[in-house]
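The structure appears right after this line, and notes come after that.
The values are calculated or read from the model by the stated rules, or taken from the named source; none is laboratory data. None of these values were measured; they are calculated from a predicted model. Note that each Cβ is placed from the backbone with ideal geometry, even for glycine, and that neighbours are counted across all protein chains shown. These area figures cover heavy atoms from the full protein model, side chains too; ligands, DNA and RNA do not enter into them. Shrake-Rupley method; radii C 1.70, N 1.55, O 1.52, S 1.80 Å.
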Amino acid sequence: PYTMAASPITSPGFIEDAAAFMQDGKVCLLTTDLEGDVTGVAGAGALFKSDDGLTFDMADTEVGYYPIPDHYADYDPANVNKIFYWVAGFQRPKVLNLNGRPRYFYAPSGWNVTGGDRTEVYVMRINDAPQENLNTNIIINGDFEEGTGIADANWGDTPTAGKLPGWTWGSSTKIVLNASNGTLGYGNGTGNLVSPTSDQQVGFNDNLASTNNSSLWQTFNTVPGVEYEVAFSMGGIYFAGNTMSITASIYDGPLLGGTPLSTFTESRPSAQGNGYNAPGSFTFTAVSSQSTLLLVESSANSDSCDPAVDNVSVRVAVMPSLSIDNPRIISGNKFGFDWRLTSGRGVDVYRTEDLLQPFGLISSNEWSETFIDPVPPSSSGFYTIVPEGEVL
């Protein structure tokens, strides 16, 4: 079932043993670079990056790993048994992803650093890479601000490709002028609904009982196996006592239909009055290179009242971020610090007196915001904490 590419997809040079994995929404290709043709470091590994797995920007290529001595603090040339190859490099690199991020690196080498008579396999914990691009919204025109101007109409203007680029819509869907410049929000001029950011919004003028034409959808690129977070703001304008709701569904591929990968409904009862809810969100894991988001009014009956949506986004789901603050000596010379984890999981706390020695697990599944070490460390004491259950 494979097709050979018409030309090489990486730079020329002696590279081999390619392994592919995902990181920060990029397709990464890790290869050996034993001659240093790509990185300039003999025995290193080359890390190529791509948006689609086929087109790699050579300017974005970097050293994926260095020769063994750079990673092994106890490296002593006198102890090394050079069984195979002329340089202390890793070969056949492999990467293990946990929770959508690369966590461990595995590679054999023909150099046995302990002097044994067999080749060895090396395992290393991967440093967490920067995640600057994780906040990028994959959805085009998620705030509905792009496109040409629209008319000042009470219940919104009919969308066109020029007025609402990036989206496809049903026949009862309207795009509405912002209210910050004195024009109408979504409504009839008596009770207007203004979006949280006082900008343009999309309104739905139909309901579930009307073979729903109040719909909005967009297909976007995804990476199989990567988890994404979908978020949107939903509001309602009322002239009758009904509950408004909008259902968001994610479908695999560019076409709607079949069983959705994930579905979420945001509702607003009439008792809350005109206005917007706090943003709702849900996650899904992509199974192919494209996914489709469908937003549809799912109110049972919205006669004389209508929902609207604004600030739609799809982003790579961020791994729980962990921070340590305020390290200090407290009563009894005990050591403590504050930690925060942006998820509901606990943390495991490790301590070592010497960074060349293995870390010791001293507390598991901590939940309190302040951790106290009952044994005062020496001046060289060091702490780190990881989400519960992950191996350091």
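Listed residues Glu35, Glu62; which is closer than 27 Å to Val316 by Cα and without any contact (Cβ under 8 Å) to a residue 60 or more places away in the chain?
Result of the check over Glu35, Glu62: Glu62.
Here is a check on your reading of the model: is Ile246 under 20 Å from Trp167 (Cβ atoms), within 23 Å of the chain's Cα centre (by Cα) and at pLDDT 90 or above?
No.
This table checks each residue for (1) closer than 20 Å to Val27 by Cβ; (2) in contact with a helix residue (DSSP H, G or I) (Cβ under 9 Å, 6 or more places away or on another chain); (3) not basic (Lys, Arg).
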position: Ala59; (1), (2), (3): yes, no, yes
position: Gly64; (1), (2), (3): yes, no, yes
position: Ile68; (1), (2), (3): no, no, yes
position: His71; (1), (2), (3): no, no, yes
position: Phe84; (1), (2), (3): no, no, yes
position: Leu98; (1), (2), (3): yes, no, yes
position: Arg101; (1), (2), (3): yes, no, no
position: Tyr104; (1), (2), (3): yes, no, yes
position: Thr119; (1), (2), (3): no, no, yes
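In this structure, is Lys49 over 24 Å from Val113 (Cβ atoms) and touching a Cys at 6+ places or on another chain (Cβ under 7 Å)?
In short, yes.
Being touching a Ser or Thr at 6+ places or on another chain (Cβ under 6 Å), surrounded by 14 or more Cβ atoms within 10 Å (Cβ to Cβ) and within 22 Å of Ala231 (Cβ to Cβ): is that true of Phe264 here?
The answer is no for Phe264.
Go through the stretch 270-317 residue by residue and tally those that are open to solvent by 60 Å² or more (accessible area, probe 1.4 Å), polar (S, T, N, Q) and outside any strand (DSSP E or B).
Final tally of qualifying residues: 5.
Can you name the residue in the stretch 103-123 that is aliphatic (A, V, I, L, M) and open to solvent by 30 Å² or more (accessible area, probe 1.4 Å) and is also nearest to Glu16 (Cα to Cα) among such residues?
If we take residues in the stretch 103-123 being aliphatic (A, V, I, L, M) and open to solvent by 30 Å² or more (accessible area, probe 1.4 Å), then Val121 is nearest to Glu16 (Cα to Cα).
Quick check: anything in the stretch 227-247 touching a Gly at 6+ places or on another chain (Cβ under 9 Å), part of a strand (DSSP E or B), of a type outside the set (Gly, Ala, Ser) and open to solvent by 30 Å² or more (accessible area, probe 1.4 Å)?
Within the stretch 227-247, one or more residues are touching a Gly at 6+ places or on another chain (Cβ under 9 Å), part of a strand (DSSP E or B), of a type outside the set (Gly, Ala, Ser) and open to solvent by 30 Å² or more (accessible area, probe 1.4 Å).
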